[in-house]
1. With the structure loaded, tell me whether Ile160 is touching a residue at least 40 places away in the same chain (Cβ under 8 Å) and closer than 19 Å to Ser110 by Cα or whether it fails that test.
2. Since Pro51 meets every condition but one in (1) open to solvent by 50 Å² or more (accessible area, probe 1.4 Å); (2) within 20 Å of the chain's Cα centre (by Cα), which condition does it not meet?
3. Of the residues that sit in segment 117-136 and are among the polar types (S, T, N, Q) and touching a His at 6+ places or on another chain (Cβ under 7 Å), which one is surrounded by the most Cβ atoms within 10 Å (Cβ to Cβ)?
4. When the residues of segment 148-179 are filtered to those that are in contact with a His (Cβ under 9 Å, 6 or more places away or on another chain) and of a type in the set (D, E, K, R), which remaining residue is most open to solvent (accessible area, probe 1.4 Å)?
5. Return yes or no: is Leu92 under 16 Å from the mean Cα position of the chain (by Cα), assigned to a strand (DSSP E or B), surrounded by 13 or more Cβ atoms within 10 Å (Cβ to Cβ) and of a type outside the set (Ser, Thr, Tyr)?
6. Yes or no: Ile141 touching a strand residue (DSSP E or B) at 6+ places or on another chain (Cβ under 7 Å), of a type outside the set (S, T, N, Q) and modelled with pLDDT of 95 or more?
7. How about segment 137-147: which of its residues are open to solvent by less than 50 Å² (accessible area, probe 1.4 Å) and either in contact with a Ser or Thr (Cβ under 6 Å, 6 or more places away or on another chain) or of a type outside the set (A, V, I, L, M) (or both)?
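The values are calculated or read from the model by the stated rules, or taken from the named source; none is laboratory data. Computed from a predicted structure; not experimentally measured. Every residue, glycine among them, receives a Cβ derived from its backbone with ideal geometry; neighbour counts consider all protein chains shown. Just so you know, the surface numbers come from the protein's heavy atoms only, side chains and all, with ligands and any DNA or RNA stripped out. Shrake-Rupley method; radii C 1.70, N 1.55, O 1.52, S 1.80 Å.
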Amino acid sequence: MPTPTPDSRYKPPVMSPLLLLGGGGHALVVVEAARSLGLSLAGCLDDADSPVLSTGPIPVPRLGPLHSFADFAPQNRLILTFGDVATRKAWLAHALLPEANFITICHPSSCVSITACISSGVFVGPLAIVNAQAAIGNHAIINSGAIVEHECDLAENVHIAPGAVLGGRVTVGSNTLIGIGARVNPGIKIGSGVVVGAGAVVIANVPDGQRVVGCPAKPI
């Protein structure tokens, strides 16, 4: 068997840098997760300078405003780093390109089942859990310490806030926010465009567009 020459040896693929779309506090969490995974960062697009990203031990440069997205998309991998569901929805509705290369980032301390289905552009935060056969739609956020139990089905752009817990077989529609520390009982169906308030306990189905708070959660 011939001895391999330097040119014939395996070379790992060169990964394009990661471009952040949005420069607020959620971007800081994504940056730390990306760096812990060894990802290189191209910078951030935002309509204002972010003191959160531009200061600190390893600053992330602002490369331009959000409308310059098309100039940067082809040569970078991308992830949405707005935490606000409405802002993410607006951006997804009009500003994304078909060829955009969105990636999913799971923090090293998160626990994601090998049978879970995680779509493009998802962020799974520190100490979050996604359990067996859960399905997470494009551009969703499973934030720090959140738990998505077995067989849950989350649509596009859902934000499960820090410490929230979804019991097994919960369904969540697109563009919905489950607030900090909220609890959703197993088998509950939550519609699209819903806001579940912080600390709420959801024991009944929630239709599209409602805001619910309290224990048990009721519409406001």
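1. So Ile160 does not fit the description; no.
2. (2)
3. Asn131
4. Filtering segment 148-179 for residues that are in contact with a His (Cβ under 9 Å, 6 or more places away or on another chain) and of a type in the set (D, E, K, R), the one most open to solvent (accessible area, probe 1.4 Å) comes out as Arg169.
5. Details: under 16 Å from the mean Cα position of the chain (by Cα): yes; assigned to a strand (DSSP E or B): no; surrounded by 13 or more Cβ atoms within 10 Å (Cβ to Cβ): yes; of a type outside the set (Ser, Thr, Tyr): yes.
Against the criterion (under 16 Å from the mean Cα position of the chain (by Cα), assigned to a strand (DSSP E or B), surrounded by 13 or more Cβ atoms within 10 Å (Cβ to Cβ) and of a type outside the set (Ser, Thr, Tyr)), Leu92 does not qualify.
6. The answer is yes for Ile141.
7. Just the residues of segment 137-147 that are open to solvent by less than 50 Å² (accessible area, probe 1.4 Å), to begin with: 137, 139-147.
If the condition is that a residue be open to solvent by less than 50 Å² (accessible area, probe 1.4 Å) and either in contact with a Ser or Thr (Cβ under 6 Å, 6 or more places away or on another chain) or of a type outside the set (A, V, I, L, M) (or both), then Gly137, His139, Asn143, Ser144, Gly145 are the ones that fit.
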